[in-house]
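Enquirer: Okay, handing you the structure first.
Derivation of every value follows stated rules applied to the coordinates shown; laboratory data play no part. Note that the structure is predicted; figures quoted are calculated from it, not measured. Don't worry about glycine lacking a Cβ; one is built from the backbone with ideal geometry, like all the others, and counts go over all protein chains shown.
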Amino acid sequence: MMTFSQHCLIGLVIRLVSIAFGNILDVFTEVKYTDIDYTVFTDAASHVLKGNSPFDRPTYRYSPMLAYILTPNIILNQSWGKLLFSIGDIIVCILIRNILRSEKIDENVIMKCIYFWLYNPISVVISTRGNADSLSAILVLGTLAAMKNRNYSMAGLLHGLAIHFRIYPLVYSLALYLSISPSIDIVKTDNLFKRLTKALNPSIERLRLVATCLVTLTTVTSTFHSLYGYKFLHESFLYHFSRQDIRHNFSIFFYLQYLSADEPISLWSRVMMLLPQLLVLLAISIVFGSEKHICFAELCLTVVMVTFNSVLTCQYFVWFFCLIPLALPYLKFTKLEYVIIGFLWPAAQLSWLFPAYLLEFRGRNTFIHIFFQSIAFFAANIVVFTRLIWGYKKSCKIE
């Protein structure tokens with residue numbers, strides 16, 4: 001039986017081969033393997049090396065930290081970032097292992113959970129195409145590892161960095177705060193008002209988490225604001241609250257955005273798009289926001305956020321894929337259910353990709369077909385999400 005280190009080495013080799021193969025495909029095929037965002041990252045890094053702003057590169061809408069990290073793309077080799085993101089995948093495996101070990105999970109079960117991430121084609125492809133989401137996963141899992149060790153200062157620091165690097169970890173904040181509450185079981189408290197007021201009571205540990213998060217986020221953000229001004233705030237943060245994408249979008253709101261391309265979406269429509277997501281996120285944070293269930297809470301929060309988001313691309317799946325291994329030991333499914341879920345979700349995704357390919361590379365008007373497939377994909381996500389909740393609650397005996 002191979003050791004954890006040997007599996008990590010094999011996983012890294014798979015990624016290195018994928019990088020080399022992808023570089024060849026970029027030269028000889030119409031559909032490029034390398035993600036366009038990687039070119040944007042590299043161009044932004046080039047601007048940084050010249051002493052300019054990374055935001056001089058149009059469509060760079062990320063933290064300047066990423067451009068700094070990828071300056072070796074210019075100095076050493078253009079595949080540096082892909083290698084870094086692939087190594088990030090291995091670090092994710094290490095963090096998954098440490099978190100599950102802290103929960104006293106059997107070592108054989110831990111290895112099976114790690115396989116889900118290490119050998120997952122999507123996690124392999126996303127990193128080797130040049131997406132930086134493994135770095136976000138490291139910060140998110142690092143926060144959870146610190147929470148499990150009750151090192152709330154470190155958890156706050158990493159959570160602040162995670163929010164700065166990519167905004168989406170912000171949705172974990174309430175659940176993380178509530179999880180520092182060993183004296184109250186908010187699931188079993190009958191009165192809703194008492195449940196909420198007691199759950200929100202501050203403590204030294206909670207204040208430490210909040211303070212270190214805010215100090216970290218404020219310090220890093222204000223530093224880059226002093227360097228790059230309002231454009232940094234707009235491109236890195238504000239833009240993402242109003243972002244629309246009508247050509248590369250799994251979102252159920254894709255067709256609405258397409259039809260509204262020439263005029264702004266009404267305020268009422270925006271409220272109806274956002275309100276269901278906010279209500280579900282709040283409910284999950286309250287129900288699963290405890291020390292025991294925090295990993296599952298973050299998984300559910302991520303699935304909901306991604307599913308209901310107005311923009312949904314393939315790389316977003318990595319956001320919850322890195323959290324699934326932490327929930328696998330607690331999911332009570334039959335083998336048939338695993339097979340059905342394992343077939344339903346990728347089938348819905350693949351059925352979307354074909355009309356999207358015809359639109360993007362063949363110029364055919366397949367917008368209505370993409371819309372129908374987006375509805376099917378949304379439904380598949382909801383089915384999988386509800387099964388996750390059901391399987392977890394049954395296993396953990398949560399009413």
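Enquirer: Summing +1 for each Lys or Arg and -1 for each Asp or Glu, what net charge is found among the other residues whose Cβ lies under 12 Å from the Cβ of Thr212?
Expert: Net charge in that neighbourhood comes out at +1.
Enquirer: Restricting things to alpha carbons, find the Rg to Rh ratio for region 1-137 using the Kirkwood radius for Rh.
Expert: My calculation of the ratio gives 1.04.
Enquirer: Here is a further query. Which of the peptides 370-379, 312-321, 229-238 is most tightly packed, and how do the rest follow, judged by the mean count of other Cβ atoms within 10 Å per residue?
Expert: 312-321, 370-379, 229-238
Enquirer: Arrange Leu139, Leu176, Leu207 by Cβ neighbour counts within 10 Å, fewest through most, would you?
Expert: With the fewest neighbours first, Leu139, Leu176, Leu207 line up as Leu207, Leu139, Leu176.
Enquirer: While we're here: Which distance in nm do the two modelled labels at Leu214 and Glu291 give, with both placed 7 Å along the Cα-to-Cβ direction?
Expert: 2.4 nm
Enquirer: Right, next: If you wrap the chain's Cα atoms in a convex hull and average its projection over all directions, what's the area in nm²?
Expert: Computed as one quarter of the Cα hull surface, the answer is 21.0 nm².
Enquirer: Contact order normalised by length for region 132-241, with contacts defined as Cα pairs under 8 Å and 6 or more residues apart; what percent is it?
Expert: Once divided by the residue count of region 132-241, the mean separation gives 31 percent.
Enquirer: In nm², what is the average projected area of the convex hull enclosing the Cα atoms of region 132-241?
Expert: Averaging across all directions leaves 8.0 nm² for the Cα convex hull.
Enquirer: Next question. Figure the gain on full extension for Ile87 and Leu25 (residue separation times 0.36 nm, minus the Cα-Cα span) and round it to one decimal in nm.
Expert: Computed gain between Ile87 and Leu25 is 20.1 nm.
Enquirer: Just to be sure I understand: with springs between alpha-carbon atoms less than 10 Å apart, which residue in Asp106, Asp37, Asp89 has the highest mean-square fluctuation in the Gaussian network model of the chain?
Expert: Residue with maximal mean-square fluctuation among Asp106, Asp37, Asp89: Asp106.
Enquirer: If I build a Gaussian network model for the chain, linking alpha-carbon pairs within less than 10 angstrom, which residue out of Phe41, Phe250, Phe224 has the largest mean-square fluctuation?
Expert: Evaluated over the chain, the most mobile residue of the options is Phe224.
Enquirer: Oh, and also: For the chain, what does the relative contact order come out to in percent, with C-alpha contacts under 8 Å and a separation of six or more?
Expert: Dividing the mean separation by the residue count of the chain yields 16 percent.
Enquirer: Give me the Kirkwood hydrodynamic radius of region 244-399, using the inverse of the mean 1/r over all pairs of distinct Cα atoms, in Å to one decimal.
Expert: Across region 244-399, the inverse of the average 1/r is 16.8 Å.
Enquirer: Which residue fluctuates most in the GNM of the chain (Cα springs below 10 Å): Ile122, Ile368, Ile180?
Expert: The residue with the greatest mean-square fluctuation here is Ile368.
Enquirer: Give Lys82/Lys112; Lys198/Lys332; Lys104/Lys198; Lys82/Lys231; Lys292/Lys335; Lys32/Lys82 a once-over and call out the pairs whose C-alpha atoms are over 22 Å from each other.
Expert: Lys82/Lys112; Lys198/Lys332; Lys104/Lys198; Lys82/Lys231; Lys292/Lys335
Enquirer: Something else: Could you check the simple spin-label distance between Tyr230 and Met1, using points 7 Å along Cα→Cβ, in nm with one decimal?
Expert: The modelled label-to-label distance comes out at 6.1 nm.
Enquirer: Count the net charge of all other residues whose Cβ sits under 13 Å from the Cβ of Leu100, scoring Lys and Arg as +1 and Asp and Glu as -1.
Expert: Here the count lands on +2.
Enquirer: Still on this structure: Sort Phe254, Phe241 so the one with the fewest other Cβ atoms within 10 Å of its own Cβ comes first.
Expert: Ordered from fewest to most neighbouring Cβ atoms within 10 Å, Phe254, Phe241 come out as Phe241, Phe254.
Enquirer: Determine which residues of region 108-143 fall in the zone a paramagnetic label at Lys335 would reach in this model, i.e. backbone nitrogen under 13 Å from the point 7 Å along Cα→Cβ.
Expert: Within reach of a label on Lys335: no residues.
Enquirer: Given a Förster distance of 51 angstrom, what is the FRET efficiency for Tyr357 paired with Asn108, based on the Cβ-Cβ distance and rounded to 0.05?
Expert: In this case the efficiency is close to 0.80.
Enquirer: Further question: Once you put a point 7 Å from the Cα of Lys32 and another 7 Å from the Cα of Ile368, both along the Cβ direction, what distance in nm separates them?
Expert: Distance between label points: 3.3 nm.
Enquirer: If you rank Trp390, Trp352 by fewest surrounding Cβ atoms within 10 Å, what's the result?
Expert: Sorted ascending by nearby Cβ count, the order is Trp390, Trp352.
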